[in-house]
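Below is one structure, written out as structure tokens; the observations come after it.
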Amino acid sequence: MRIIKASDVTEAIKKMAMDSCHYLNSEVTQAIRKAKNDETSPLGKIILQELLDNANIARNELIPYCQDTGLAVVFVEMGQEVEIQGGLLSHAIDEGVRQGYDEGYLRKSVCDPLTRKNTGDNTPAIIHLSLVEGDKLKLMLAAKGGGSENMSSVVMLKPADGIEGIKKYVIRKCFEAGGNPCPPIIIGVGIGGNLEYAALLAKKALLLPLAHRNPDPVLARMEEEILEEVNKSGHGPMGLGGRNFALAVKIMKAPCHIASLPLALNIDCHAHRHKEMIL
């Protein structure tokens, strides 16, 4: 049995919360540079360069890349040979979020859904825990902004809708989103499972590297076809016209009931804030 201190979890979450909001993911930076070179719209080129300039300012001055520093979503893969000492894992994670959002001067965006009263420290985090083999603790934090999350959806398609129905739904919803999710966007798609698991798959898909090639040839082809069609919308960067509306499409799937075809779409903005750490 390997002991991991709750305080170490807190420190890790704190650092990831601040880093995710201060440093634009290097893979995203490369993708935006490539998009700028490929962009046909003069205004689109200017916008993409401004995104890169904004990332440099945030990195150099240690300030948030975007004013919406998101709701903290934490995926935990906990080895069965790990024991957390010194407190509950969930409390350690929330304390890390609390400290990170305070010390990093990150906006507190969590409130009661009905009264709209702010919790004041961006907690509680949304925590998804999986038990795996081994003696490691893998933490993945996504700071998910409201603009992109609001453009996400879950639908129960008919099994007969098949691949074409899935593609049509995702493309239509992306077209409807327009500039609201601050494009260029990253598109996470979850297929199968049930109502809640499809949504979880879509969010987990956003954690995949942008350059990751789907090992499933059917899904890989779907990703390519959806990306191509979405970028034909003409919405472009920030929804102000151009060809680079989306940077990537990532799909994950799971078996489902014979009577169902659950489908979830989780859109991420160009900030694409997420970090991971293994303890």
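Worth a mention:
- Of all residues in the stretch 97-109, exactly one satisfies the criterion of being open to solvent by less than 30 Å² (accessible area, probe 1.4 Å) and either more than 19 Å from residue 275 (Cβ to Cβ) or touching an Asp or Glu at 6+ places or on another chain (Cβ under 7 Å) (or both), namely 101.
- Looking across 50, 77, 83, one residue alone is open to solvent by 50 Å² or more (accessible area, probe 1.4 Å) and without any contact (Cβ under 8 Å) to a residue 24 or more places away in the chain. It is 50.
- Among the candidates 115, 123, residue that is of a type in the set (Ser, Thr, Tyr), touching a residue at least 12 places away in the same chain (Cβ under 8 Å) and part of a loop (DSSP other than H, G, I, E, B): 123
- Conditions (1) in contact with a Pro (Cβ under 8 Å, 6 or more places away or on another chain); (2) surrounded by fewer than 20 Cβ atoms within 10 Å (Cβ to Cβ): number failed by residue 94: (2)
- Positions within the stretch 53-74 being open to solvent by less than 30 Å² (accessible area, probe 1.4 Å) and more than 17 Å from residue 269 (Cβ to Cβ), in sequence order: 74
- Within the stretch 260-279, the only residue that satisfies the criterion of being under 21 Å from residue 6 (Cα atoms) and not in a strand (DSSP E or B) is 279.
- Scope the stretch 13-44; condition open to solvent by less than 30 Å² (accessible area, probe 1.4 Å) and in contact with a Phe, Trp or Tyr (Cβ under 8 Å, 6 or more places away or on another chain); matching residues: 17, 21, 22, 24
- Considering residues of the stretch 107-132 that are in contact with a Gly (Cβ under 7 Å, 6 or more places away or on another chain) and not polar (S, T, N, Q) only, the residue nearest to residue 22 (Cα to Cα): 108
- On inspection, residue 182 passes the criterion of being surrounded by fewer than 23 Cβ atoms within 10 Å (Cβ to Cβ) and either touching a Cys at 6+ places or on another chain (Cβ under 6 Å) or among the hydroxyl-bearing types (Ser, Thr, Tyr) (or both).
- Answer residue from the stretch 210-231, given it is modelled with pLDDT under 95 and touching a helix residue (DSSP H, G or I) at 6+ places or on another chain (Cβ under 9 Å) and is surrounded by the most Cβ atoms within 10 Å (Cβ to Cβ) among those: 210
Every residue, every condition in (1) among the hydrophobic types (A, V, I, L, M, F, W, C); (2) in a helix (DSSP H, G or I); (3) over 18 Å from the mean Cα position of the chain (by Cα), yes or no:
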position	(1), (2), (3)
95	no, yes, yes
98	no, yes, yes
131	yes, no, yes
147	no, yes, no
156	yes, no, yes
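So that you can scan it fast, the table gives a plain yes or no per residue for (1) closer than 23 Å to residue 78 by Cβ; (2) out of contact with any helix residue (DSSP H, G or I) (no Cβ under 8 Å at 6 or more places or on another chain); (3) of a type in the set (Lys, Arg):
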{"position": "130", "(1), (2), (3)": "yes, yes, no"}
{"position": "135", "(1), (2), (3)": "yes, yes, no"}
{"position": "140", "(1), (2), (3)": "yes, yes, no"}
{"position": "151", "(1), (2), (3)": "no, no, no"}
{"position": "164", "(1), (2), (3)": "no, yes, no"}
{"position": "174", "(1), (2), (3)": "no, no, no"}
{"position": "185", "(1), (2), (3)": "no, no, no"}
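- When residues of the stretch 37-80 are limited to those that are of a type in the set (Val, Ile, Thr) and outside any loop (DSSP other than H, G, I, E, B), the one nearest to residue 245 (Cα to Cα): 47
The values are calculated or read from the model by the stated rules, or taken from the named source; none is laboratory data. Quantities reported herein were computed from a predicted structural model and do not represent experimental measurements. Cβ sites come from the backbone with ideal geometry, for glycine too, and all protein chains shown count toward neighbours. These accessible areas exclude ligands, DNA and RNA; they are computed on the full protein's heavy atoms, side chains included. Shrake-Rupley method; radii C 1.70, N 1.55, O 1.52, S 1.80 Å.
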